[in-house]
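Trainee: So that we are looking at the same thing, I have put the structure below in structure tokens.
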Amino acid sequence: MSARPLGLESGYNGCVWPPLTDGDVTALLPHWGVRPARNPLLWHSRRPFSASAIVALEDGGRLFLKRHGRALRSVETLTEEHRFASHLAKRGLPAAAPLPMLDGRTALATPEHTYEAFPLYTEQDAYRGLDSWRPYHDTAQAASSGTLLARLHQASEGHQAPPRHDPPLISARHPLLGDRLADSLIPWITRQEGLTDTYPLSSLQRDVLPLLTPFHEALLPLLPEDRPLWGHGDWHGANLLWHRESNGLVAARAFDFGMCDLTSASFDLAVAMERSFISWLAPDGCPTVHEEQLRAFLHAYDVQRPRSPAEKRLTACWLPLCHVTFALSEVAYYGHVLGNRNAANISRRDYLIGHARWFQTERGRALLAMLERD
């Protein structure tokens, strides 16, 4: 695996969308029935897939305003995310549900962009500026995150919505469910706008299918026990808000449901592990596992929502596969939407292929065996 890091330090995965301006804020906020302060823009996010800011309001309040390119998110796809977040909030999970506009809708479309707004919560954004593939600050925070994810999966019960209709940049499970991997993954790939222009289908079939097929064959017999459930799709410390208690920070609220979909608890757990407990950004290109944090995370999850032996095996089987659909979509995003072929090649080589290959190494196989056993 290349030692070149993916993430905010890589030089391509930082802020690429123009920041929100005072003029944007002045034009948009009336839709939510509020007015901006004289100098409204307090902070801009550096996330790579959208532009967002904390906005000061005339009445002394604040809100979080987020803008997406229409190529990435439509009103319909944002509304799918909002319905899930709102369902969780109604079930008692501390989740960042959107602010409705005066007309009751939660997503606004203009000719080039879509917008959403959220309350600014009082909890601490303790991982601001950090992307995925970072460990938690300490083991206790990893455990607290595991408890909150288990609560999310419990609150997700009863959310009746079909899988999302293939928007880019989500953690999708359904393209991996075919009896043969090619049967479900290849049709999904051909529906991803610009993907085969960036990564020709013949090359993709040559590079990816032989690598992933053994993992898929191990998963296949267990799939009947993998009960569908809506998951967060991007669970890591920077997508949580934290509350300080006497013994440290506790995961208090989930936000950013942009990658959610109808997956399963096992799949969503695997995503959370892939995001935070393997040091993909190791300078020497040799990832290690943050095993103490991982064990604490899983123990706390199981205390809140005990997993069956089948779910534990499923989590291990999903781990080498759960990044695949997002990584492929990221290749299309950088290559087709942004026209950055170098970034697309890094996503293909180091993320899509590099992460999967690592699970064939001695350390990767040991992790999968530990997860099946424990």
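The values are calculated or read from the model by the stated rules, or taken from the named source; none is laboratory data. Keep in mind that what you see is a predicted model, and the values were worked out from it rather than measured. Ideal geometry is used to build each Cβ from the backbone, glycine not excepted, and the neighbour counts take in all protein chains shown.
Trainee: Do we find that LEU78 is surrounded by 18 or more Cβ atoms within 10 Å (Cβ to Cβ) and at pLDDT 95 or above in this structure? Show your work before the answer.
Mentor: Details: surrounded by 18 or more Cβ atoms within 10 Å (Cβ to Cβ): yes; at pLDDT 95 or above: yes.
Spelling it out, LEU78 is indeed surrounded by 18 or more Cβ atoms within 10 Å (Cβ to Cβ) and at pLDDT 95 or above.
Trainee: Right, next: Would you confirm whether any residue within the stretch 327-338 is at positive phi and either assigned to a helix (DSSP H, G or I) or of a type outside the set (Val, Ile, Thr) (or both)? Outline the logic, then answer.
Mentor: Let us first name the residues in the stretch 327-338 that are at positive phi, namely none.
Among the residues of the stretch 327-338, not one is at positive phi and either assigned to a helix (DSSP H, G or I) or of a type outside the set (Val, Ile, Thr) (or both), which makes the answer no.
Trainee: Are any of the residues in the stretch 195-204 under 22 Å from the mean Cα position of the chain (by Cα), under 24 Å from LEU371 (Cα atoms) and not assigned by TED's automatic domain parsing to the domain that holds ALA95?
Mentor: Going residue by residue through the stretch 195-204, those that are under 22 Å from the mean Cα position of the chain (by Cα) are 195.
Adding the requirement that they be under 24 Å from LEU371 (Cα atoms) leaves none.
No.
Trainee: Related question: Can you pull out the residues in the stretch 346-374 that are under 20 Å from TYR199 (Cβ atoms) and either hydroxyl-bearing (Ser, Thr, Tyr) or not in a helix (DSSP H, G or I) (or both)?
Mentor: SER347, TYR351
Trainee: PRO306 is checked against (1) in a helix (DSSP H, G or I); (2) without any contact (Cβ under 8 Å) to a residue 24 or more places away in the chain; (3) farther than 30 Å from ARG70 by Cα and fails just one. What number does that condition carry?
Mentor: (1)
Trainee: Same structure, new question: Restricting attention to the stretch 145-161, does a residue exist that is in a strand (DSSP E or B), in contact (Cβ under 8 Å) with a residue 40 or more places away in the chain and among the polar types (S, T, N, Q)? Please lay out each step first, then the result.
Mentor: First, the residues of the stretch 145-161 that are in a strand (DSSP E or B): none.
The answer is no; no qualifying residue exists.
Trainee: Every residue in the stretch 167-194 that is part of a helix (DSSP H, G or I) and either within 21 Å of ALA270 (Cβ to Cβ) or outside the structural domain of LEU338 (by TED's automatic domain parsing) (or both), please. Write out each step before concluding.
Mentor: First pass over the stretch 167-194, keeping only residues part of a helix (DSSP H, G or I): 174-176, 181-191.
Hits for the stretch 167-194 are HIS174, PRO175, LEU176, LEU181, SER184, LEU185, TRP188, ILE189.
Trainee: Another question, then. Determine, yes or no, whether ALA344 is farther than 26 Å from ILE186 by Cβ and aliphatic (A, V, I, L, M). If you could, list the steps in order and put the result at the bottom.
Mentor: Numbers: farther than 26 Å from ILE186 by Cβ: no; aliphatic (A, V, I, L, M): yes.
Spelling it out, it is not the case that ALA344 is farther than 26 Å from ILE186 by Cβ and aliphatic (A, V, I, L, M).
Trainee: Still on this structure, I have one more. Pairs, please: C-beta under 7 Å, at least 6 apart or cross-chain, first residue on the phi < 0 side of the Ramachandran plot and in the stretch 185-200, second loosely packed, with under 14 Cβ neighbours inside 10 Å and hydroxyl-bearing (Ser, Thr, Tyr)?
Mentor: Within 7 Å, the pairs are THR196/THR190.
Trainee: In the stretch 226-245, which residues are part of a strand (DSSP E or B) and either touching a Lys or Arg at 6+ places or on another chain (Cβ under 6 Å) or not assigned by TED's automatic domain parsing to the domain that holds ALA150 (or both)? Steps first, please.
Mentor: Within the stretch 226-245, the first condition is being part of a strand (DSSP E or B), and the residues that meet it are 228-231, 240-245.
Scanning the stretch 226-245 gives a single hit, LEU241.
Trainee: Please go through the stretch 33-72 and pick out each residue that is modelled with pLDDT of 95 or more, charged (D, E, K, R) and crowded, with 20+ Cβ neighbours inside 10 Å.
Mentor: LYS66, ARG67
Trainee: Follow-up. Using the structure shown, decide if LEU78 is of a type in the set (A, V, I, L, M, F, W, C), touching an Asp or Glu at 6+ places or on another chain (Cβ under 8 Å) and not in a loop (DSSP other than H, G, I, E, B). Break it down stepwise before answering.
Mentor: Details: of a type in the set (A, V, I, L, M, F, W, C): yes; touching an Asp or Glu at 6+ places or on another chain (Cβ under 8 Å): yes; not in a loop (DSSP other than H, G, I, E, B): yes.
Criteria met by LEU78.
Trainee: Further, regarding this structure: Quick one: would you say GLY129 is closer than 30 Å to VAL34 by Cβ and free of Cβ contacts under 8 Å to residues at least 40 places away in the same chain? Break it down into steps so the answer makes sense when it comes.
Mentor: Numbers: closer than 30 Å to VAL34 by Cβ: yes; free of Cβ contacts under 8 Å to residues at least 40 places away in the same chain: no.
Answer is no for this residue.
Trainee: Could I ask something else about it? Given (1) surrounded by 21 or more Cβ atoms within 10 Å (Cβ to Cβ); (2) of a type outside the set (Gly, Ala, Ser); (3) in contact with a Pro (Cβ under 8 Å, 6 or more places away or on another chain); (4) not in a helix (DSSP H, G or I), where does ARG253 come up short, assuming only one miss?
Mentor: Answer for ARG253: the failing condition is (1).
Trainee: Something else now. Can you name the number of the only condition in (1) under 17 Å from HIS236 (Cβ atoms); (2) in contact with a Gly (Cβ under 9 Å, 6 or more places away or on another chain) that LEU148 fails?
Mentor: Condition (2) is where LEU148 drops out.
Trainee: Same structure again: Looking only at the stretch 98-121, count how many residues are aromatic (Phe, Trp, Tyr) and over 15 Å from GLU80 (Cα atoms).
Mentor: So in the stretch 98-121, the residues aromatic (Phe, Trp, Tyr) come out as 115, 118, 121.
Cutting the leftovers down to over 15 Å from GLU80 (Cα atoms) gives us 118, 121.
Residues that pass the stated criteria total 2.
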